[in-house]
Amino acid sequence: MSKKRLAATVVVLAIMVILNLLIARYYHIPVENKKIELKLDVLSDQGNTFELFYQEEGDAEFHPEKAVQWEYQTPGQVQEITFQLPAAATYVRLDFGMKAAESTVSNVALKYSRYERTLQKDVLLDTIRENDIAGVTSGDDSADGKAANGFRVDAKAGDPYLVWDAASWELRSVVSGGSATLELVFKILMCVCIDLIFFVALAKAKELKSLPIELIHNRRLMFSLAKNDFKTKYAGSYLGIFWAFVQPIVTVLLYWFVFEKGLKAGGINTRVGITVPFVLWLVAGLVPWFFFQDVLNGATNALIEYNYLVKKVVFKISILPIIKMISALFVHGFFVVFMLILYTAMGYIPQPSWIQIIYYTICIFMLTLGISYATCAIVVFFRDLSQIINIVLQVGTWMTPIMWNIQSVELHPILAGILKANPMYYVVEGYRQALITNEWVWDNPGGTIYFWIVVAGCFGIGSYVFKKLRVHFADVL
């Protein structure tokens, strides 16, 4: 082994070790939007209507849509209540109806997945606000008289309630405890995947590096052909490139009307957890998805569309998928500008975090590049792949998700993890975080590491498939 190759191997292995350590140290399943099950037993001497509320950051008061109400109709008997609240809840409030009554609340526990933690009496007695409450004392947690964790409330007639600071309940630690096993599995899988990618890269270094070298050497030709592709795509129509912008705009307006007006009028709340005008939230998901969809479709069929160039011996056919990708980038640039103008027009002042749109666009470009090298090579031999990709993209629109808020839906942790494993979820959420919540890419180190592992894997597999099949392209086409 030459000294140069040995040095390169050492550097690659060092990077691999560093990435493994970063994954082990910094990858965590986000807990802010996870829903926790709050369980408690209620015993009262009066039939009454109880309510549980929660507040999140930004809420000025307790809202009815963030509450559960139940009728206590059997005085003297214990009734078990369950309630869903997010790990990001800031305050919790328990209402004791409107009648004067003596009630005992006990067996108060927080549960996420298979992890459950009981709240101790000192935490439950540490309320921050009371209303129409004559007294709160340590009580029994069951009807059999055994002392345990619980409290007794002497409520007056009117509007009696207690309020707790949710920080003292340590909700995030409950999610962390329930996610510990799942998080460990994800860490192991990510480390195994990244190690395999690096080992394959070392073993196939000569084959894999040939493709990037070809792209660098032919960069001027790529941009020239991409501009020509963009101009000629609509050359036969009266309105020309105008049609490149009409369909996406009509699609955005259609989705906005259906979800903002139609389903809202029908009583289906598709906007739970969305704190900005729905059209802004929607367009931040559709713009990157349109680019991904356009790029994948165009790049997949690039070799078939430019079959006359494939048959030329001296032409570097590896640049053809990128020609279609750069052509689609022109339209994407227009929609990014349109999106930013829309945000500004609706009162959202441009923020430094908006610059991250460039980074997330590069993410889409690199992800699609790896995928399309495999798909454009396979479709030459299996033309049905184009139709399969169209179906996958239709399903992907809903599974990413683009039109619905995954944080507002009760999903099993494993199912939620599967949906978030889609690499485009990272990009779509990145757009929304950059534009709406002004978060930065380093605020999500686990997601970023995972995304680039997927990209590296796609690029490695795509390059290998393309190189193996390219010798047969001219014969088939």
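A few comments on the model shown:
- Note on residue 188 and residue 220: the model spin-label points, each 7 Å out from Cα along the C-beta direction, lie 5.4 nm apart.
- Residue 213/residue 180 FRET efficiency (R0 45 Å; Cβ-Cβ; nearest 0.05): 0.50
- Start at zero, step by 10 Å, and the Cα-Cα distances of segment 1-138 spread as 10, 30, 26, 10, 7, 8, 6, 3, 1 percent across the bins.
- If R0 is 60 Å, the Cβ-Cβ spacing of residue 338 and residue 156 corresponds to a FRET efficiency of close to 0.55.
- Potential lengthening of the chain between residue 390 and residue 199 amounts to 65.4 nm, from the contour at 0.36 nm per residue minus the alpha-carbon distance.
- Element breakdown for segment 391-474 at a 1.4 angstrom probe: carbon and sulfur atoms account for 70% of the accessible area.
- Ranked by the mean number of other Cβ atoms within 10 Å of their residues, highest first, the peptides 44-56, 340-352, 420-432, 182-194 come out as 420-432, 44-56, 182-194, 340-352.
- A Förster radius of 25 Å, combined with the Cβ-Cβ distance separating residue 63 from residue 130, puts the computed FRET efficiency at roughly 0.75.
- Accessible surface calculations at 1.4 Å, restricted to protein heavy atoms, place segment 53-97 at 52 Å² per residue.
- In the structure shown, the pairs 3/227; 4/316; 66/99; 324/468; 39/420; 66/121 are assessed against 32 Å; a Cα-Cα span above that value is assigned to 3/227.
- Rounded to whole Å, the principal axis extents of the Cα atoms in segment 292-379 read 54, 21, 18, largest first.
The values are calculated or read from the model by the stated rules, or taken from the named source; none is laboratory data. Since this is a predicted model, take the numbers as computed values, not measurements. For neighbour counting, all protein chains shown are included, and Cβ atoms are generated from backbone atoms with ideal geometry for every residue, glycine included. The protein model used for the area step is the full one, side chains on, heavy atoms only, and it has no ligands, DNA or RNA in it. Shrake-Rupley method; radii C 1.70, N 1.55, O 1.52, S 1.80 Å.
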